[in-house]
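Working notes, structure below.
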Amino acid sequence: MRKLSSFIFLLPLSTLFLSHSVQARLNTITGGVAIGYDYDDTQYKREDIEELLPNQDTFQQQFSIAPLFIFETTSTTDGLTISFNPSLVYDLEDSQSDTDHNFSFSAHRDFTRNLTIELSDNFIYSDDPVLLEAETSSDYNRGRRRYWTNDFNINSTYTYDIESSFAAGYSYHILQNEDAGPGGYEDYDRHMADLSLQHRIDAAWNFSLFANYTRGLFDPPDPELVEIIEGELEDTAPGITDDVNSDDLSNNLSEYRFGGTLNWILSSRKIFLVNYDFSASNYDAILRYDTNLHNLTFGAQYLHTRHLSFELGAGPSYEKTETFDPNWGYNGHVNLNYDIAKRTNITAGIEKGFDQKNFSANNNVIGRDQGLTGYWNYNLTFSHQLTNGLTVSLFGAYRDEEQENILHGFINTIESDSGLDTTDRETFREESIFQKGIYEAGGSLTYTFLRWYTASLRYTYRNQDSEFINDSYDEHRAFLTLSFQKELLRW
């Protein structure tokens, strides 16, 4: 029922959005179809101890045909778009067929010259992990298991002056996997409320502020996992399992974020800025450590020529995890965008920072990735338009992570009541940090012809080298697609 609840709510609400509009309307219906081939070969690196764990190796070859239907109606004050893109999939390896779904809905209305309200909903049912890329750029190791996800959003914006506005919004996100894997921690409901303010002081100065509250409700851990953790705790501190149950292993939490940016527009080519960001994770379970993270960044944006621009920034970071000493670090980024020629572009970037991956859909032996993560990101992309309809692109990226395994950190330090001092706790904390390196490279070729037809070929290679059990793999994926899309009716 949760799959349809958002739509049942949205349809009458959209009628309210559009019912008061008396302006002339433009209505269009667009149709199309895509035929595709998907090749996926993923091989995990397994040691002797990992033979006891489920094998996640994947080899799939799938053919699909996906009809497309888009209805859009607009006026000077409102708009409504409904898109339906199911996909009939046949798996050559398993000799079976299935149906994927991708349904989206969006609407907006200007109630006054200053007040606009927008709402949207997107439902996906599939086994393709690429569709979840928006969750987090480093969150990929999901395997080809079927899942469904639903995103509902409603936002209002009030513009009170030139380049000055106030916004408020609410989002509800659901993720459910048909096979959650060991731990069962991936599935969750996420509620998020946020406020933001943008204010223009004068032609040279402006600032923005934001505040956000997120509540995450996760499925309970599997009974098998509870038994494993209780066994580890009993070996470490006999008698403590009398007070431990599945609630103590829950990932339910509240997240708090707020921050702001001050911009100084020195000229049309130079902008200097100061940014502050605070995030906190407060877990319901006693076996999860609460964490606070502060980032202060001083940056600049510089348009060197019409074809070459830079963006850079750096500053201190401060992290405090419950019961442990605080840590000082730093964050920074450098991005370059260069239009080498009229049809050729190259972008490159380096980023250093920290994040808290509380809503990862990733899966490992103890459930899912979680905890404070320090990272380095490197990326490079190149695109070239060979002709008006033919474009080629190449890309490469590397991400280096240091992730705290919070639960294991607690297990190692639970003997603190028996005499472990601060130095011992910090030593155990360092031992609970796991390394992960992610390499990715690939390219694509896209050809548009006869106005409504597009053919595309995309290949990606991904290598993940992780200290987590059953978390290192090589993956090759290739996509070949031929699509047709055309406006069918307008009135």
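Quick look at the values:
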| item | result |
| --- | --- |
| Selection within the stretch 303-328 - farther than 30 Å from residue 341 by Cα, outside any loop (DSSP other than H, G, I, E, B) and not polar (S, T, N, Q) | 314, 315, 316, 318, 319, 320, 328 |
| Selected residue (criterion: modelled with the highest pLDDT) from residues of the stretch 423-440 that are under 29 Å from the mean Cα position of the chain (by Cα) and of a type in the set (D, E, K, R) | 440 |
| Near pairs, Cβ below 8 angstrom, 6+ apart or cross-chain, from the stretch 85-104 (under 21 Å from residue 41 (Cβ atoms)) to any residue that is of a type in the set (D, E, K, R) and not in a strand (DSSP E or B) | 98/127; 98/146; 100/127; 100/128 |
| Residue 346 being modelled with pLDDT of 95 or more, closer than 30 Å to residue 385 by Cα and assigned to a strand (DSSP E or B) | yes |
| Residue that is small (Gly, Ala, Ser) and modelled with pLDDT of 85 or more, where the choices are 254, 246, 250 | 254 |
| Unmet criterion (only one of (1) crowded, with 18+ Cβ neighbours inside 10 Å; (2) at pLDDT 80 or above; (3) closer than 30 Å to residue 57 by Cβ; (4) touching an Asp or Glu at 6+ places or on another chain (Cβ under 6 Å)) for residue 147 | (4) |
| Selected residue (only one of 394, 420, 482 is more than 20 Å from residue 347 (Cα to Cα), out of contact with any Leu (no Cβ under 8 Å at 6 or more places or on another chain), surrounded by fewer than 17 Cβ atoms within 10 Å (Cβ to Cβ) and at pLDDT 95 or above) | 482 |
| Output for the stretch 78-128, where each listed residue is of a type in the set (Asp, Glu) and either assigned to a loop (DSSP other than H, G, I, E, B) or closer than 21 Å to residue 485 by Cα (or both) | 93, 94, 100, 127, 128 |
| Some residue of the stretch 359-371 being part of a strand (DSSP E or B), surrounded by 17 or more Cβ atoms within 10 Å (Cβ to Cβ) and at pLDDT 90 or above | no |
| Residue list for the stretch 35-52, filter: aliphatic (A, V, I, L, M) and at pLDDT below 65 | 49, 52 |
| Search result, residues across the stretch 153-180 that are in a loop (DSSP other than H, G, I, E, B) and not β-branched (Val, Ile, Thr) | 163, 178, 179, 180 |
| Subset of the stretch 441-479 (residues that are under 22 Å from the mean Cα position of the chain (by Cα), crowded, with 16+ Cβ neighbours inside 10 Å and modelled with pLDDT under 90) | 464, 466, 468, 471, 472, 473, 475 |
| Residue ID - surrounded by the most Cβ atoms within 10 Å (Cβ to Cβ), chosen from residues in the stretch 372-385 that are at pLDDT 90 or above and farther than 18 Å from residue 442 by Cβ | 375 |
| All positions within the stretch 293-333 that are surrounded by 15 or more Cβ atoms within 10 Å (Cβ to Cβ) and hydrophobic (A, V, I, L, M, F, W, C) | 293, 296, 303, 312, 324 |
| Candidates 174, 117, 154 - the one that is at pLDDT 95 or above and closer than 24 Å to residue 254 by Cβ | 154 |
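The values are calculated or read from the model by the stated rules, or taken from the named source; none is laboratory data. What you are looking at is a predicted structure, and each value in this text was computed from that prediction instead of being measured. Every residue, glycine as well, gets a Cβ built from its backbone with ideal geometry; the counts of neighbours run over all protein chains shown.
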